[in-house]
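The values are calculated or read from the model by the stated rules, or taken from the named source; none is laboratory data. From a predicted model like this one, the values you see are computed outputs, not experimental measurements. Don't worry about glycine lacking a Cβ; one is built from the backbone with ideal geometry, like all the others, and counts go over all protein chains shown. Keep in mind that these areas ignore ligands, DNA and RNA; they rest on the heavy atoms of the full protein, side chains included. Shrake-Rupley method; radii C 1.70, N 1.55, O 1.52, S 1.80 Å.
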Amino acid sequence: MIVLVINAGSSSLKYQLLNMQENKVMAGGVVERIGDTLGVVTHKKLTGAAPEKFVREEKIADHRDAMHLVADLIIDEHAGVIKNKDEINAIGHRVVQGGEDFRAATVIDADIKKSIEKNNPLAPLHNPPNLMGIDVAEALFPGIINIAVFDTEFHQTMPAKAFLYALPYEFYEKMRVRRYGFHGTSHKYVARAAAVHMDKPVDELNLITVHLGNGCSISAVEKGRCIDTSMGMTPLAGVMMGTRTGDIDPAIQRYVMENTGMGVDEMDTLFNKKSGLKGICGMNDMRDIHDAGENGNQRAKLAVDMFTYQVKKYIGAYMAALGRVDGIIFTAGIGENDDIVRAGVCADLSGLGMELDLEKNRGRISEPKALHTPESRVQIWVIPTNEELQIAQEVVDILQAQKK
Ligand code: AMP
């Protein structure tokens with residue numbers, strides 16, 4: 001079974017073509033700078049003895065152009081991996097915000113598109129391009145089933161006490177102001193993969209999944225179901241991130257606006273693009289921050305200290321929420337690659353049953369790996385995330401259920 005996974009952003013379109021019988025990526029890539037004077041597509045063919053990379057620069061006017069390019073590349077004589085686009089069995093689309101309407105992956109039709117559109121105000125930067133990706137795929141691959149997989153669906157199992165904000169209740173009733181959580185596909189993937197490696201059914205495990213990338217979120221997963229997560233109504237909440245504040249006192253907004261004359265839009269940019277690690281030390285990539293810290297940059301050291309401290313506090317909170325924790329699972333760019341951050345997060349937690357083996361923790365980790373000492377009551381793992389594989393798996397599950 002061949003599944004095309006599409007992740008359409010505002011000016012980019014990421015894709016992967018997966019052979020699900022073999023659990024293998026056949027090809028994948030990203031179309032960037034859609035709408036700019038010069039766009040670029042980076043395509044990787046992965047079916048040969050060694051990966052082959054193809055880069056093309058040309059004007060890519062819109063998402064339709066981008067999807068045309070992808071369709072041409074996957075059947076291209078040199079870069080392609082299939083002969084005909086009809087070989088694709090289904091298309092899985094990442095959709096960021098499914099609101100309370102979607103608790104599972106869903107076959108897309110006109111009504112479903114309307115329901116997704118209804119959630120646009122909750123994700124104005126993400127859902128419209130996601131929908132555009134769906135429209136273009138429908139036009140370009142007629143007759144092939146399209147399935148939406150939502151970033152929010154894994155978190156829909158949270159109880160009201162975890163997802164509600166302490167605002168007047170009618171804000172929830174009338175405007176659906178609540179915690180939704182994001183990165184759900186990643187949290188779900190690593191929780192399930194961790195269970196396989198821990199050799200126990202996921203519904204017998206309590207896990208804390210720690211997704212630390214450009215965006216960061218942490219989830220408490222009880223017996224395979226999310227019971228709390230750090231991101232909120234938007235992906236701005238939770239721990240500090242590359243350029244996002246994470247949790248801050250909401251009264252800061254008014255105070256800064258009154259003292260600087262900044263408007264709402266400027267505050268939005270400040271909180272989303274100029275804060276987090278970047279706000280503290282001027283850099284948002286952990287590799288640069290560690291380099292600067294080693295060269296004596298005190299702000300860079302402070303940024304790492306703040307980051308690890310905030311992640312540690314969420315882990316402590318979710319240990320209390322779960323009562324018993326079997327595993328802490330690190331994933332995504334920082335979680336997988338950054339031994340300094342992992343060590344900082346796990347430091348001095350032996351009182352809570354967590355003991356990191358510093359030797360096992362060393363370096364970048366690209367395969368699932370246990371990092372705890374034999375004495376550690378709580379297991380500590382790195383599980384590299386694979387959101388595309390999770391989306392494709394959910395697509396396959398739906399197709400198989402339809403056959404029954
Ligand atoms: P992601 O959003 O999961 O792609 O993660 C991207 C982030 O991971 C980058 O902004 C870096 O901060 C971080 N990252 C990637 N590679 C490394 C590395 N080798 N060491 C430390 N951090 C890394």
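Could you tell me which residue out of 282, 239, 140 lies farthest along the dipole of the chain toward its positive end? Charges go on the beta carbon: Lys and Arg +1, Asp and Glu -1, centred on the Cα centre.
239
What percent does the relative contact order of the chain come to when contacts are Cα pairs within less than 8 Å and at least six residues apart?
Once normalised by length, the contact order is 13 percent.
Considering the options 340, 293, 322, tell which one lies farthest towards the positive end of the dipole of the stretch 291-404, charges being +1 on Lys and Arg and -1 on Asp and Glu at the Cβ, about the Cα centre.
Looking along the dipole axis, the top candidate is 322.
How many percent of all Cα-Cα pairs in the stretch 32-108 sit more than 22 Å apart?
Within the stretch 32-108, distances greater than 22 Å cover 42 percent of Cα pairs.
If you count only protein heavy atoms with a 1.4 Å probe, what accessible area per residue comes out for the stretch 1-130, rounded to a whole Å²?
With the other protein chains kept in place, the stretch 1-130 gives 49 Å² per residue.
Treat every Asp and Glu Cβ in the chain as -1 and every Lys and Arg Cβ as +1, leave all other atoms uncharged, and give the resulting dipole magnitude about the Cα centre to the nearest 20 debye.
460 debye
Rule-of-thumb check for the stretch 280-404: C-alpha Rg over 2.2 N^0.38 Å?
Rg over 2.2 N^0.38 Å, computed on Cα atoms: 1.27.
If you take the C-alpha gyration tensor of the stretch 234-279, multiply each eigenvalue by 5 and take the square root, what semi-axes do you get, largest first, in whole Å?
Rounded to whole Å, the semi-axes are 18, 11, 9.
How large is the accessible surface per residue of the stretch 227-266, computed with a 1.4 Å probe and reported in Å² as a whole number?
Roughly 53 Å² per residue, with all protein chains present.
Name the longest site-free stretch of the chain, where the excluded sites are GluC sites (Glu not before Pro) in a DSSP loop with no more than 15 other beta-carbon atoms within 10 Å.
In the chain, the maximal stretch lacking such sites is 101-374.
Could you report the stretch 310-375's accessible area per residue, 1.4 Å probe, as an integer in Å²?
That works out to 46 Å² per residue.
Carbon and sulfur atoms: what percent of the 1.4 Å accessible area of the chain do they account for?
Roughly 50 percent of what the probe reaches on the chain is carbon or sulfur.
Among 70, 184, 156, whose Cα lies farthest out toward the positive end of the dipole of the stretch 57-202, if unit charges sit on the beta carbon of Lys, Arg (+1) and Asp, Glu (-1)?
Most positive-ward Cα: 156.
If I take every Cα pair under 8 Å that is 6 or more residues apart in the stretch 304-394, average their sequence separation and divide by the length, what percent do I get for the relative contact order?
30 percent
Taking only C-alpha pairs under 8 Å that are 6+ residues apart, what is the relative contact order of the stretch 172-235 in percent?
37 percent
Under a crude label model (7 Å from the Cα following the beta-carbon direction), how far is residue 89 from residue 366 in nanometres?
Distance between the two pseudo-spin positions: 2.9 nm.
Which FRET efficiency, nearest 0.05, do residue 36 and residue 375 yield, Cβ-Cβ r, R0 41 Å?
0.15
Taking the full set of protein chains and a 1.4 angstrom probe, give the accessible area of residue 260 in square angstrom, rounded to the nearest 10.
80 Å²
How far apart, in nm, are the 7 Å Cα→Cβ label points at residue 265 and residue 11?
1.6 nm
Got a sec? What order do 364, 192 fall in by accessible area at 1.4 Å, biggest, i.e. largest, first?
Listed by decreasing accessible area, they come as 364, 192.
For every helix of n ≥ 4 consecutive DSSP H residues, a contribution of -39,500 (n - 2.57) applies; sum these over the chain, divide by its total residues, and give [θ] at 222 nm rounded to the nearest 500 deg cm²/dmol.
Helix-only estimate at 222 nm: -11500 deg cm²/dmol.
Assigning unit charges at the beta carbon (Lys, Arg +1; Asp, Glu -1) and nothing else, what dipole magnitude in debye, to the nearest 20, does the stretch 196-237 show about its Cα centre?
Rounded to the nearest 20 debye, it is 100 debye.
Could you order 219, 350 so the one with the most accessible surface comes first? Probe is 1.4 Å.
350, 219
Got a sec? Which residues in the stretch 1-40 would a label at residue 403 touch, if it sits 7 Å along Cα→Cβ and we count backbone N under 18 Å?
1-4, 18-24
So if I take the centroid of the Cα atoms in the stretch 51-75 and the same for the stretch 336-404, what is the distance between those two points in Å?
The two parts, judged by their Cα centres, are 33 Å apart.
Under the Kirkwood approximation for Rh and a Cα-based Rg, what ratio Rg/Rh is obtained for the chain?
0.96
Whole-Hz Karplus ³J(HN,Hα) for the stretch 44-61, in order, using 6.51 cos²θ - 1.76 cosθ + 1.60 and θ = phi - 60°, x for Gly and Pro?
Values, residue by residue: 10, 9, 10, 8, x, 5, 10, x, 10, 10, 10, 10, 10, 10, 6, 5, 10, 5 Hz.
If the chain between residue 321 and residue 50 were fully stretched, how many nm would it gain, using 0.36 nm times the residue separation less the Cα-Cα distance?
Here the answer is 92.9 nm.
How would the stretch 319-370 be classified by its alpha-carbon gyration tensor: rounded, prolate or oblate, with rounded meaning a/c under 1.5 and the a/b versus b/c comparison settling the rest?
prolate
Run the dipole for the stretch 247-404 about the Cα centre, Lys and Arg Cβ at +1, Asp and Glu Cβ at -1, nothing else charged, and hand back the magnitude in debye, nearest 20.
It works out to roughly 220 debye.
Test of the criteria: in the stretch 92-191, which trypsin sites (Lys or Arg not before Pro) are in a DSSP loop and have at most 16 other Cβ atoms within 10 angstrom of their Cβ?
Listed in order of number, the matching sites are 103, 176.
Scan around residue 9 for amide H atoms under 5 Å from its own, H built in the peptide plane at 1.01 Å from N, and keep only partners 5 or more places away or cross-chain.
Under 5 Å from the amide H of residue 9 lie the amide H atoms of 14, each far enough along the sequence or on another chain.
Relative to the longest principal Cα axis of the chain, at what angle does helix 63-75 sit, 0 to 90 degrees, rounded to 10?
Tilt relative to the chain: about 70 degrees.
Can you send over the solvent-accessible area of residue 11, 1.4 Å probe, protein chains only, in Å² to the nearest 10?
60 Å²
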